[in-house]
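Asker: Before we start, here is the structure in question, set down as structure tokens.
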Amino acid sequence: MTWRRTLKRFPFLQALGADDIAKLRRMTSLFLDRKEFSGAHGLAVTDDMAVAIAAQACLPVLHLGLEAYDGFVGIVVHPGQAVARRHATDDDGIVHEYDEVLAGEAVQGGPVMLSWRDVRASGSTADIGYNVVIHEFAHVLDMANGVADGVPRLPTRISRTAWQRTLSDEYAKFCGRIDSDETTALDSYGAEAPEEFFAVASEAFFVSPRDLHAEHPALYALLAQFYAQDPASAARAAG
């Protein structure tokens, strides 16, 4: 059965309580009805692949509501990482072109692009806090207010001032640790910008929550408020 295989492949989903697993299954079905999957470079997106992506995408919005993803429809799945052509203008007005290798990308209005190789490995990469689906869908949440800046559309229980203060403080500490070549629970890519820090922290929050809680307790508490979930407690209870 596809759902049982999905839970087995991604153990962090099994850490949810029985009621939340049932809710996640219902939400996954609705997600599949509302979104359009397509494969790049001849890749055929199977039911197993679509369910694997949908279940992980729904995890962050389990208690926020699927409406948080209403701003896009398309999901493009590449066999592996994709190469995107970029343009950047320097301070002298000179335009530089370069290639960027991507495991995923979310843009305003969609589509969301994902590397199936990275999605498929999400069960094993959870130990290092890496999950491309959660990362990109955290970006979708971040862009809901029109800009990717690490500040998603917040529920009334969280003030924007409190969010920005905590995120800014935690980001500065994290960047300091990266600059000092310290080992961290979060991917160093989070030091690129506040929006990447939010996405990287969201990955760890769901797939390696105890590590995030131990290293960034204030950030963990903020994300627990936002997502209305406490995966660290659930992981401890599961042993």
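Asker: Rounded to two decimals, what is the ratio between the C-alpha radius of gyration of segment 156-239 and 2.2 N^0.38 Å?
Answerer: On the way: Rg = 12.5 Å, N = 84, 2.2 N^0.38 = 11.8 Å.
Scaled against compact globular proteins, the figure is 1.06.
Asker: Right, next: List every DSSP H helix in the chain whose Cα atoms extend 18 Å or more along the helix's own long axis and whose mean Kyte-Doolittle hydropathy is at least 0.5.
Answerer: Both cut-offs are met by 194-207.
Asker: So in segment 2-238, what percent of DSSP beta bridges are antiparallel if you round to the nearest 5?
Answerer: Values: 11 of 19 bridges.
Roughly 60 percent of the DSSP beta bridges within segment 2-238 come out antiparallel.
Asker: Another question, then. For a quick check, take a GNM of the chain with Cα springs below 10 Å and name the residue from ASP211, ASP127, ASP181 with the largest mean-square fluctuation.
Answerer: Judging by the Gaussian network model, the answer is ASP181.
Asker: In nm, give the distance between the simple-model label positions of GLU97 and ARG210, each being 7 Å from the Cα along the Cα-to-Cβ direction.
Answerer: The two pseudo-label positions are separated by 5.0 nm.
Asker: Between ARG4 and LEU154, take the C-beta separation as r, use R0 = 35 Å, and let me know the FRET efficiency to the nearest 0.05. Working shown, then result.
Answerer: Working: r = 36 Å, r/R0 = 1.01.
Taking R0 as 35 Å, the efficiency between ARG4 and LEU154 is 0.50.
Asker: Now for a separate question. Could you give the length gained by full extension between ARG117 and VAL73, i.e. 0.36 nm per residue of separation minus their alpha carbon distance, to one decimal place?
Answerer: Values: separation 44, 0.36 × 44 = 15.84 nm, distance 2.17 nm.
Extra length from ARG117 to VAL73 when fully extended: 13.7 nm.
Asker: Could you work out the helix-only [θ] at 222 nm for the chain, with each DSSP H run of four or more residues adding -39,500 (n - 2.57) and the total divided by the number of residues, to the nearest 500 deg cm²/dmol?
Answerer: After summing the helix terms and dividing by residue count, I get -15000 deg cm²/dmol.
Asker: Let me ask something else about it. Obtain the radius of gyration and the Kirkwood radius of segment 2-238 from its C-alpha atoms and give Rg over Rh.
Answerer: Numbers: Rg = 17.5 Å, Rh = 18.3 Å.
Computed over Cα atoms, the ratio is 0.95.
Asker: Two decimals, Cα atoms only, Kirkwood Rh: what is Rg/Rh over segment 120-167?
Answerer: Numbers: Rg = 13.4 Å, Rh = 12.3 Å.
Ratio of gyration radius to Kirkwood radius: 1.09.
Any read-out appearing in this document is the output of simple, stated calculations on the displayed coordinates, not a laboratory observation. Computed from a predicted model, the values in this text were never measured in an experiment. All Cβ positions, glycine included, derive from the backbone under ideal geometry; neighbour counts span all protein chains shown.
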